[in-house]
Amino acid sequence: MVEAVAEEEPVVREYDDVRDRAGVEEVERECEVGSSGGGGEMCLFTDLLGDPLCRIRNSPDFLMLVAETATGSAAGGGAEIIGLVRGCVKSVVSGGSHAKDKDPIYTKVAYILGLRVSPNHRRKGVGRKLVERMEQWFRQKGAEYSYMATEQDNEASVRLFTSRCGYSKFRTPSLLVHPVFRHALKPSRRASIVRLEPRDDDRLYRWHFAAVEFFPADIDAVLSNALSLGTFLALPAGTSWHGDVEAFLAAPPASWAVLSVWNCMDAFRLEVRGAPRLMRAAAGATRLVDRAAPWLRIPSIPNLFAPFGLYFLYGLGGAGPGAPRLVRALCRHAHNMARRGGCGVVATEVAALEPVRAGVPHWARLGAEDLWCIKRLADGYNHGLLGELDQGGARALHLRRPQRVLASFSVFLN
């Protein structure tokens, strides 16, 4: 009679770039988004350009963990990496007074992303062990809450976090994506666009967004990062602008809009794999027509079936009845920036109640409906919206009390 051999528990430890890079890349390949291990399904592949930490290294505190088979670990070799997870911690606004003359309430929030488990090792508790170990590090860093984002139809991910890890559904922002055409888009005649000087963008954002949930405390560091390509302000055509942001804040026009552009292309590339030949041919035909007759300005589908980059639009906001129209003008400007930069798409993430959402041009079939899940890590009560979460676990606040959340600031560099 052959005795059953109990499977050894995986070892979870901090990622070592020299030791683990090849194993991490292999797990990433096995876990392409949309892939079920075969069958020719379409999937979205992410090329991290040789830097597994690229999606978290711009955060104040970050960590990557790997799970490896115990066999060989003690012997000094032979262990196989079977899972990984990334996390970061940052201070954000948790709610409070919406008056611009009141100090915002900040809290430390942790973000889990990039959880991967090799298909051959799923449903064995590896993912849960990685999450629990990451949460330990979050607590050590003083994080009061942990949250994650996934697509609403990713049932396996939602089940893991809500049923096994104690998270609750929290917010449902939308990822809006627009292709970059071969031809440039005409600037709007109804808007004037100016690029804000450094420190002026920080001043404007803190004035307008300081009491909005998930606004980052280190916005100055975000805006000065080399990957941030500038902040742009849209005003109604004919509005005077003398480069004085203080004068603007003292007497803003009836309508205005603002956004910043983040260069994800220099951090990672995306690629759609497994697309049918007919789809590839149809997309190619639109590019041929656009190339042959650019004056027709026919919308063309970029080559998303080869590695492509994206520019992310963050800090999206504005005020007044004309704000959505001015946001549309800003998005056209960002599209032309992305065209010059060689990108395939521009994207942003907006909350359901974001006032300027209606002005963001996008192709529904390229985007996604996201789901954020959150969990309380710290004991006690935190003032503000996040402080309303039960100490024993997060409640689904979005079902009870819809709120505006600055989604485009929360995860763009992750």
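Every number in this text was worked out from the coordinates using simple rules, so none of it is lab data. Not measured: the values here are computed from a predicted model. No Cβ is skipped: glycine too gets one built from the backbone with ideal geometry, and neighbour counts run over all protein chains shown.
Among all the aspartates and glutamates, which ones have a C-alpha under 15 Å from Lys90's C-alpha, if same-chain residues fewer than 8 places away are not counted?
Answer for Lys90, where 15 Å is the Cα cut-off: Asp61, Glu135, Glu144, Glu213, Asp218, Asp220, listed by chain and number.
Taking a point 7 angstrom from the Cα of Arg291 along the C-beta vector, which residues in the range 170-190 have backbone N less than 18 Å away?
Under cut-off, by backbone N: 180-184.
So, with +1 on the Cβ of K and R and -1 on the Cβ of D and E, and no other charges, what is the size of the charge dipole of the range 150-200 about its Cα centre, to the nearest 20 debye? Don't jump to the answer; show the numbers that get you there.
Working: 10 positive and 5 negative charges, 57 e Å.
The dipole magnitude comes to about 280 debye.
In terms of the ratio Rg/(2.2 N^0.38 Å) built on C-alpha atoms, what value belongs to the range 266-362? Intermediate results must be reported in sequence, preceding the final value.
Working: Rg = 15.5 Å, N = 97, 2.2 N^0.38 = 12.5 Å.
Compared with the compact-globule rule of thumb, the range 266-362 sits at 1.24.
Please compute the net charge surrounding Val356, taking Lys and Arg as +1 and Asp and Glu as -1 over other residues with Cβ under 10 Å from its Cβ.
+2
Less than 14 Å Cβ to Cβ from Pro321, Lys/Arg counted +1 and Asp/Glu -1: what total charge do the surrounding residues give?
Numbers: positive: Arg190, Arg325, Arg328; negative: none.
Within the 14 Å Cβ shell, the charges total +3.
Find out how many positive minus negative residues lie around Pro179, taking Lys and Arg as positive, Asp and Glu as negative, among other residues whose Cβ is under 12 Å from that of Pro179. Don't skip to the answer; put the middle values down first.
Working: positive: Arg182, Arg287, Arg339, Arg365; negative: Asp290.
Charge balance in the 12 Å sphere: +3.
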